[in-house]
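Below: one structure, written as structure tokens.
The values are calculated or read from the model by the stated rules, or taken from the named source; none is laboratory data. Worth saying up front: this structure is predicted, and the values here are computed from it rather than measured. When we count neighbours, we look across all protein chains shown, and the Cβ atoms used for this are built from the backbone with ideal geometry, even at glycine. Quick note on the areas: whole protein, heavy atoms, side chains included, nothing else; ligands and nucleic acids left out. Shrake-Rupley method; radii C 1.70, N 1.55, O 1.52, S 1.80 Å.
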Amino acid sequence: MITLILIVAVAALLAAIYLRGVYNEAYWKKRGVKFYQKSRALGIFFEFFKGDRSVLEHIEDIYCEFRNEPAVGVGSLFSPNLIVTDPTNVQHLTTVDFNSFMDRSIAPNSRDTLSNSLIFITGAKWKLIRQSMTPLFTSSKLKSMYYIMDKSAKDFVPYIKTNPKLKKGNAFNTLCTFCSAAMGAAVFGVTTESVFDSPFLKMAQKAGVTTFWQNLKFVISISSSFITRLFNVKLAAEHEAFFIGAIKQIIMERKKSNVKRHDFGDLCVALQEKGVLRDNETGLEIKPTDEILSAQAFFFFNAGVEPTATTIFNFFVLVGQHPEVQERLHREVDEAFKKSQGNLTFDIISDMEYLEMVLNESMRIYPAIGFFGRMCVKNTTLPVGNIKIDKGTTIFLPLFALQHDERYYPEPEVFKPERFSKENKDPIIDKTFMPFGKGNRMCIGQRFATVQAKAGIVHLMRHFKVNTVQISGKKIGFQKHLFAARLKNVDLEFIDR
Ligand code: HEM
């Protein structure tokens, strides 16, 4: 009897999956949109779980097959899913028609305290928190915070020199150590010593490890807010006690000490002293509690470690493969140190033109994040292809694939920093280059992360030459990751200059 029930249940499930696939295809056909035939019901995340490739590679395959289409429908169990391939449509939905696509494609559970961060929250709540966090990322704030990052970068050099095993192999972890120290100082307040071995680093490394269960929790959060709430799926539950405790402590000490450090701690105190945050348009009010501020800090901290370390790592992989680029960069770095008598400032580092070009080109070839998403929050139409989009549709934006399309970047696999020189810069770059996303919901930490990465890079380049070490016989590829674009089969070696 049990066997029979099982057979009937499996048959019913398979039939439901089949019918969902048929429905998805018909849904997009009715809107004149081509439909990707693999995993017609379960979608790209099923392909991801089945194989050993990153989601960005699956999206890249689909993009290449359908790149002449303005968008392509893909399988999904719940809401309709669409990959938007046309740059004008990308621009439209991230900027022009932002109000119809203001949420992200992921809806975590509101009981998941640390997921109440800018990256995930929606609607008016997002608008209010984004406005209140923006003052932390202005040019003048960055300028005054620069010394924090510069100090961490400066201290990082003797840290490597006195630990020779850090010079070869496991470079990604070594770079995470720098990023964690710089972030720790910027987010949690400066100490006189840069902290290269802190519980925060361990937490960030743990948060960055992708396990099957962690991936599954993310995919559930992307697929259905109902199931996420029903099963109380939490993305960061294990870090709650430690992280909220640490932020509470920082806010308390900062209130007592009355010292201004221009960092996140100061912003928390100012917001709490001001009282309730209010959105005049909707009347929504939010109290800046320790918990909501901890959720912002948790994401800022993690974003400042893994993606930033990935960006620096990928930069050095490419620089190590191109000696002529490395030589020119060394010249620019040496001149900047000479000009500033060893004390680089925010203005000097921001004026290093070649560094900027090389960093941009490395983020084009190997961005730290492979794709990003949006959720349609009201029925609308995409201009190219006149595609009707229903509220509830999940949109994927293929940033890696767009940055590798030969129509926008001739010889896309060739590393050419000159693409980003002032004279050569093609206007199409503004539409298709998006390592930090696009539009009103783009990365709030873009300038912060860029300055942090540059600070680490210049101090390392001042003292070391970098060698790219490729694992013999194996092609550089991507690790199996949901969002990140982490390289595999390659490492770095730092050689004293
Ligand atoms: C090189 C390092 C980084 C990369 C490559 C990166 C990339 C991205 C990307 C692609 C997005 C999605 C944007 C979109 O949907 O349009 C994003 C969002 C975000 N990033 Fe970053 N990021 C980095 C570092 C940081 C840092 C250091 C912080 C904070 C200090 C940060 C804070 C955020 C936040 C809060 C969001 C969500 C913004 C919103 O939804 O309003 N990121 N980032």
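The criterion of at least 3 residues that are within 16 Å of the ligand (Cβ to nearest atom) and open to solvent by 20 Å² or more (accessible area, probe 1.4 Å) is met by the following helices (runs of 4 or more DSSP H) wholly inside segment 372-486: 446-463.
Here's the yes/no breakdown for (1) within 15 Å of the ligand (Cβ to nearest atom); (2) modelled with pLDDT under 90:
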| site | (1), (2) |
| --- | --- |
| 161 | no, no |
| 164 | no, yes |
| 168 | no, no |
| 171 | no, no |
| 174 | no, no |
| 184 | yes, yes |
| 194 | no, yes |
| 197 | no, yes |
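Taken together, 113, 88 contain a single residue that is touching a residue at least 24 places away in the same chain (Cβ under 8 Å), surrounded by fewer than 20 Cβ atoms within 10 Å (Cβ to Cβ), away from the ligand (no atom under 14 Å from the Cβ) and β-branched (Val, Ile, Thr), which is 88.
If you check 83, 119, 62, which single one turns out to be open to solvent by less than 20 Å² (accessible area, probe 1.4 Å), of a type outside the set (Asp, Glu) and either within 29 Å of residue 298 (Cα to Cα) or not in a helix (DSSP H, G or I) (or both)? First the steps, then the outcome.
Numbers: 119 fails: open to solvent by less than 20 Å² (accessible area, probe 1.4 Å); 62 fails: either within 29 Å of residue 298 (Cα to Cα) or not in a helix (DSSP H, G or I) (or both).
Selected residue: 83, the only one of 83, 119, 62 that is open to solvent by less than 20 Å² (accessible area, probe 1.4 Å), of a type outside the set (Asp, Glu) and either within 29 Å of residue 298 (Cα to Cα) or not in a helix (DSSP H, G or I) (or both).
If you go through segment 282-289 one residue at a time, do you hit one that is under 17 Å from residue 116 (Cα atoms) and acidic (Asp, Glu)? Yes, that holds for at least one residue. Checking each residue in segment 147-180 for being open to solvent by 10 Å² or more (accessible area, probe 1.4 Å), touching a Phe, Trp or Tyr at 6+ places or on another chain (Cβ under 7 Å) and in contact (Cβ under 8 Å) with a residue 40 or more places away in the chain picks out 167, 172. Does residue 307 satisfy the condition of being within 16 Å of the ligand (Cβ to nearest atom) and assigned to a loop (DSSP other than H, G, I, E, B)? Judged against the criteria, residue 307 is not a match.
Here residue 45 does not fit the description of being closer than 22 Å to residue 375 by Cβ and either surrounded by fewer than 23 Cβ atoms within 10 Å (Cβ to Cβ) or among the hydroxyl-bearing types (Ser, Thr, Tyr) (or both).
Suppose we filter segment 357-371 for residues that are more than 10 Å from the ligand (Cβ to nearest atom) and open to solvent by less than 10 Å² (accessible area, probe 1.4 Å); how many remain? Working first, answer last.
Step one: list which residues in segment 357-371 are more than 10 Å from the ligand (Cβ to nearest atom), which gives 357-358, 360-362, 364-366.
Next cut, open to solvent by less than 10 Å² (accessible area, probe 1.4 Å) only: 358, 361-362, 364-365.
Number of matching residues: 5.
Scanning segment 282-297 for residues that are open to solvent by 30 Å² or more (accessible area, probe 1.4 Å) and β-branched (Val, Ile, Thr) turns up 282, 289. Of the residues making up segment 46-73, those that are farther than 15 Å from residue 398 by Cβ and either touching a helix residue (DSSP H, G or I) at 6+ places or on another chain (Cβ under 6 Å) or not hydrophobic (A, V, I, L, M, F, W, C) (or both) are 50, 51, 52. Restricting attention to segment 270-318, the residues that are touching a Lys or Arg at 6+ places or on another chain (Cβ under 7 Å) and at pLDDT 90 or above total 6.
Before we move on, is residue 40 in a loop (DSSP other than H, G, I, E, B), basic (Lys, Arg), open to solvent by 10 Å² or more (accessible area, probe 1.4 Å) and at pLDDT below 95? Give the steps one after another, and end with the answer.
Details: in a loop (DSSP other than H, G, I, E, B): yes; basic (Lys, Arg): yes; open to solvent by 10 Å² or more (accessible area, probe 1.4 Å): yes; at pLDDT below 95: yes.
When the stated conditions are applied, residue 40 passes them.
Among the residues making up segment 1-33, those that are crowded, with 17+ Cβ neighbours inside 10 Å and not in a helix (DSSP H, G or I) are 31, 33. Being closer than 30 Å to residue 154 by Cβ and assigned to a loop (DSSP other than H, G, I, E, B): is that true of residue 329 here? When the stated conditions are applied, residue 329 does not pass them.
Filtered by the rule that a residue be in contact (Cβ under 8 Å) with a residue 60 or more places away in the chain and open to solvent by 50 Å² or more (accessible area, probe 1.4 Å), segment 48-57 gives 49, 52, 53.
Run down 142, 128 and say which single residue is modelled with pLDDT of 90 or more, within 13 Å of the ligand (Cβ to nearest atom) and assigned to a helix (DSSP H, G or I). First the steps, then the outcome.
Numbers: 142 fails: modelled with pLDDT of 90 or more.
Within the list 142, 128, the selection yields 128.
I'm trying to understand the selection: among the residues of segment 224-247, which are in a helix (DSSP H, G or I), in contact with a helix residue (DSSP H, G or I) (Cβ under 7 Å, 6 or more places away or on another chain) and not polar (S, T, N, Q)? Please lay out each step first, then the result.
The initial filter retains those residues of segment 224-247 that are in a helix (DSSP H, G or I), namely 225-230, 237-247.
Add one more test, that the residue is in contact with a helix residue (DSSP H, G or I) (Cβ under 7 Å, 6 or more places away or on another chain), and what stays is 227-228, 239-240, 242-244, 247.
Correct list: 227, 239, 240, 242, 243, 244, 247.
One residue alone among 300, 315 is open to solvent by 10 Å² or more (accessible area, probe 1.4 Å), within 16 Å of the ligand (Cβ to nearest atom) and touching a helix residue (DSSP H, G or I) at 6+ places or on another chain (Cβ under 7 Å), and that residue is 300.
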